[in-house]
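Here is the structure we will look at, set down as structure tokens.
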Amino acid sequence: MEPPPIDDRVRCAWGDSTPEYVRYHDEEWGTPLRGDDALFERLCLEAFQSGLSWITILRKRPAFRAAFAGFSIDAVAAFTADDEARLMTDAGIVRNRAKIAAAVRNARAAQQVPEGLSELLWSFAPTAPRPRPATLADVPATTPESAAMARELKRRGFAFVGPTTAYALMQATGMVDDHVATCFRATP
């Protein structure tokens, strides 16, 4: 049974299920986001979400931000094995050794991107017009652009960045606009 809507605005179906989702859908998801540290945070959170519900990550986001030094690329790149061990004891975040190690590895890889992480990621945003999805069933899990982004990130030493994670990042940060046609946030 679908929960009643929070207000009378029509959203993407998932956007009405919890107050956290309403806020995230209405204020963040699909809004263009730039900046190396901001995109590093989203890349890390999408990787931590792999295999879990996004609501779990949203609810833990303040703890993730505290644990990962506000997702400052330079700060996370300086994390040591002791920092990774400390994070494994932090009940406020997802305690997955491989994902924690990937966040540190990805920070170090991001430091090596001459054009900056934001510029690199946005270079994969599609430029051709795309049809607006009519329903959630019309939203792809991956695209050629997300597969290309994942390949390039892996080539540059990033981990936990498959095509599905890359596409979720593209959706979350406004590189693509997958608000369904009936959603109040859908742009013409």
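The values are calculated or read from the model by the stated rules, or taken from the named source; none is laboratory data. Treat the numbers as computed from the prediction; the structure is a model and nothing was measured. Cβ atoms come from the backbone with ideal geometry, glycine included; neighbour counts cover every protein chain shown. Keep in mind that these areas ignore ligands, DNA and RNA; they rest on the heavy atoms of the full protein, side chains included. Shrake-Rupley method; radii C 1.70, N 1.55, O 1.52, S 1.80 Å.
Observations on the structure shown:
- When the surface is traced with a 1.4 Å probe over the full set of protein chains, residue 54 keeps roughly 30 Å² accessible.
- About the centre of its Cα atoms, the range 99-185 shows a dipole size close to 340 debye [charges on the beta carbon of Lys, Arg (+1) and Asp, Glu (-1) only; nearest 20 debye].
- When restricted to Cα atoms, the range 1-68 yields an Rg and a Dmax of 13.2, 40 Å, respectively.
- Potential lengthening between residue 90 and residue 147 on full extension [0.36 nm per residue; Cα-Cα distance subtracted]: 17.3 nm
- Hydrodynamic radius by Kirkwood, which averages 1/r over all alpha carbon pairs of the range 1-150, in angstrom: 17.2
- Residue order for 180, 139, 10 - accessible surface, 1.4 angstrom probe, largest first: 10, 139, 180
- Reference-scaled alpha-carbon Rg (2.2 N^0.38 Å with N residues) for the range 108-151: 1.47
- Test item: Cα-centred dipole of the range 28-84, Lys/Arg +1 and Asp/Glu -1 on Cβ, debye: 360
- Charges were assigned to the Cβ only: +1 to each Lys and Arg, -1 to each Asp and Glu. The resulting dipole of the chain about its Cα centre is roughly 500 debye.
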